[in-house]
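Beneath this line is the structure, given in structure tokens, with notes to follow.
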Amino acid sequence: MKHFIAIMLTLQLFTTSFTVSSESVNYYVIAKQAMPFQITTEDNQHTGIVSDIITKIFVDKYTINYHVYPFNRMISELEAGGEKNWITYGSPNWGSVQAENLSDKPIYTVSHSILSNAKSDFSYTDINDIKDKVFILLYGFDYPTLQPYIDSGEIRELRVKDYAAAFRILDKMPQDAIFIEMTSRIQYNLKIQSKDLNSYHLQDFSALIPTYPIYLALDPKMDSELQLFINQQLSDLTAAGTLTEIISQYM
């Protein structure tokens, strides 16, 4: 009888262990356009500010299933429901599915800048300084505060698929083009593409696109215990200074 009880206890422990280790979350990653927040290498390794935070939150507890899509495709997938218990990053400023259910604490504060070629004498003070410029913007992303100017024709937009294309246009059209994007993403991509920083001029653009926080964006139907776990882990990482350490690696 004792032998039977021991076997049953062992099976119960095995079942419990399997249940814990088999729990999974579905992490959605934007392909190529989200560095340094999400970086995917050719051998499918995932790093970056958001990806490193996700790894720290779920280490030894959950399996992370990675789903990498171009931005528009990712949004379509999530709006259709996505995989169960999905997670990515978002902001109230972005609206849509990336704003419906956010983590309790932000993970980063975003600012935007204007990047121009150093050969240009361009200097930004107000909207009148940029009405004759071609605005280079990343394909797929929305810029709500710029949209009225785009709709009225006051701003001419030129969409590009990645940062390399944006930098090429600035080099070819130094007097006419400016690149509007998150400051951290501009700086990171200039660095990894070995661009000479003296060849470009970075100016604050917060007057038209104010700074704002970004959060982890969660499945609106996420299991409540899982969401509680995520928020507690994020709070612990913040208190321990781990978030600051992660961010500093990419700045």
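The rows are residues; the columns are (1) in a helix (DSSP H, G or I); (2) surrounded by fewer than 15 Cβ atoms within 10 Å (Cβ to Cβ); (3) at pLDDT below 95.
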site	(1), (2), (3)
E77	yes, no, no
V97	yes, no, yes
S116	no, no, no
N128	yes, yes, yes
I136	no, no, no
T145	no, yes, yes
D151	yes, yes, yes
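Only one of (1) closer than 27 Å to S96 by Cβ; (2) touching a Lys or Arg at 6+ places or on another chain (Cβ under 9 Å); (3) open to solvent by 80 Å² or more (accessible area, probe 1.4 Å) is not met by E225, so which one is it?
Looking at each condition in turn, E225 falls short on (2).
Would you check if there is a residue in region 153-172 being among the basic types (K, R), closer than 14 Å to Q33 by Cβ, open to solvent by 50 Å² or more (accessible area, probe 1.4 Å) and not in a loop (DSSP other than H, G, I, E, B)? Spell out the reasoning first.
The first filter runs over region 153-172 and keeps only residues among the basic types (K, R), leaving 156, 159, 161, 168, 172.
Keeping just the survivors that are closer than 14 Å to Q33 by Cβ gives 159, 161.
Checking which are open to solvent by 50 Å² or more (accessible area, probe 1.4 Å) leaves us with 159, 161.
Add one more test, that the residue is not in a loop (DSSP other than H, G, I, E, B), and what stays is 159.
Checked region 153-172: at least one residue is among the basic types (K, R), closer than 14 Å to Q33 by Cβ, open to solvent by 50 Å² or more (accessible area, probe 1.4 Å) and not in a loop (DSSP other than H, G, I, E, B).
Give the residues of region 79-92 that are within 20 Å of Y108 (Cβ to Cβ) and open to solvent by 30 Å² or more (accessible area, probe 1.4 Å), sorted by residue number.
The one that is within 20 Å of Y108 (Cβ to Cβ) and open to solvent by 30 Å² or more (accessible area, probe 1.4 Å): P92.
Evaluate the following for K61: is it surrounded by 11 or more Cβ atoms within 10 Å (Cβ to Cβ), at pLDDT below 95 and at positive phi?
Details: surrounded by 11 or more Cβ atoms within 10 Å (Cβ to Cβ): yes; at pLDDT below 95: yes; at positive phi: no.
So K61 does not fit the description; no.
Since I178 meets every condition but one in (1) open to solvent by 10 Å² or more (accessible area, probe 1.4 Å); (2) under 23 Å from the mean Cα position of the chain (by Cα); (3) touching a residue at least 24 places away in the same chain (Cβ under 8 Å), which condition does it not meet?
The one condition I178 does not meet is (1).
The values are calculated or read from the model by the stated rules, or taken from the named source; none is laboratory data. Worth saying up front: this structure is predicted, and the values here are computed from it rather than measured. Cβ: placed from backbone, ideal geometry, glycine included. Neighbour counts: every protein chain shown. Accessible surface areas use protein heavy atoms only, side chains included; no ligands, DNA or RNA. Shrake-Rupley method; radii C 1.70, N 1.55, O 1.52, S 1.80 Å.
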